[in-house]
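Notes to accompany the following structure.
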Amino acid sequence: MTKAILCDFSRTLIFPKDQHYTGELNVLNDTMKTQPDYRPEDYFELNKEMLDYLSQLKKKVPLYIYTTGILQYEPVFYEVLNTVFKHIFTESEIGYKKTDPRAFAKIANLIDIKTDELVFIDDNEVNLDAAAQAGVTTIKYTTAHADIEKLKSFTSEG
């Protein structure tokens, strides 16, 4: 039974507005912050469809983010995320990279569940493999619509 859902942030819950940008979002954010009058919302957009669904799902199951950087703390994004997610875990807080199965075991322990009661959504196969090695159910992010359908199968909606 699913007792919590853990989401990656970059390219799962937030995307660059420039669809041709293939680099890391935290690097883009750090680079653009040096520009006068930088506004993160000019360069990034939240995945509204997924966040709208998760806003409803949070009534049934606690939601968390596990991410590598700090883009999620930009006020324009954090004020939205803070209403949906119970906690945002970062690699620096957990002490393990997302490529290490111990990261997922630690998060499960911190939220007081077993790893097999956790579902992790990410766009990166290496991170998903690490989560699976820890016993976590995984969903590879493809599109919000497809992933919402997959999530329904792991919750009481499926």
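See the values below:
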{"item": "Global form of the chain, assessed from the alpha-carbon gyration tensor, a/c cut-off 1.5", "result": "prolate"}
{"item": "Net lengthening on full extension, residue 19/residue 48 (0.36 nm per residue, minus Cα-Cα)", "result": "8.8 nm"}
{"item": "Per-peptide average of other Cβ atoms within 10 Å, ordering 136-146, 120-130, 2-12 highest first", "result": "2-12, 120-130, 136-146"}
{"item": "For residue 44, residues with placed amide H under 5 Å, excluding near neighbours", "result": "17"}
{"item": "Pairs beyond 23 Å (Cα-Cα), from 59/114; 17/152; 59/97; 48/97; 58/97; 59/152", "result": "17/152; 59/97; 48/97; 58/97"}
{"item": "Bridge type composition, the stretch 4-154 - antiparallel percent by DSSP, nearest 5", "result": "15 percent"}
{"item": "Cut-off under 5 Å, modelled amide H: who pairs with residue 66 long-range", "result": "7, 8, 9, 89"}
{"item": "Student exercise, the chain dipole from Lys, Arg, Asp, Glu Cβ charges, in Debye to nearest 20", "result": "540 debye"}
{"item": "Label-point separation in nm, residue 126 to residue 86, each point 7 Å along Cα→Cβ", "result": "3.0 nm"}
{"item": "³J(HN,Hα), Karplus 6.51/-1.76/1.60, whole Hz, each residue of the stretch 39-55, x for Gly, Pro", "result": "10, x, 5, 7, 10, 9, 9, 6, 7, 4, 4, 5, 5, 4, 5, 5, 4"}
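Every number here is computed from the coordinates shown, using simple stated rules; none is lab data. Because the structure is a prediction, the values reported are computed rather than measured. Note that we place each Cβ from the backbone using ideal geometry, even for glycine, and neighbour counts take in every protein chain shown.
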